[in-house]
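So the structure is just underneath, and the comments pick up after that.
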Amino acid sequence: MEKLFYFEMKNSKGEFEPLGVMTPREAARMSWTNGHAAIMSKRVRGINAAGTSIR
């Protein structure tokens with residue numbers, strides 16, 4: 001299972017806004033397609049790739 005992170009991406013005003021929970025690879029791809037925007041992440045534990053709880 002891939003490690004998931006909660007990402008925020010810097011908008012045109014220089015403020016961070018939610019991007020979602022995804023893998024670092026997915027976040028990097030989104031960052032590149034949006035003009036190399038800065039991203040910030042926090043490790044997420046206890047959910048799987050579908051966003052449901054792991055028990």
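Rule-based calculations on the coordinates, nothing more; no lab input. Treat the numbers as computed from the prediction; the structure is a model and nothing was measured. Cβ placement follows ideal geometry from the backbone for every residue including glycine, while neighbour counts extend to all protein chains displayed.
Specify whether the C-alpha gyration tensor of segment 1-42 places it in the rounded, prolate or oblate class, a ≥ b ≥ c being the square roots of the eigenvalues: rounded for a/c under 1.5, otherwise prolate if a/b is larger than b/c and oblate if not.
Here segment 1-42 falls in the oblate category.
Within segment 3-29, which residues have the backbone N less than 15 Å from the label spot 7 Å out from residue 41 along Cα→beta-carbon, could you tell me?
Zone members listed by number: 3-10, 19-29.
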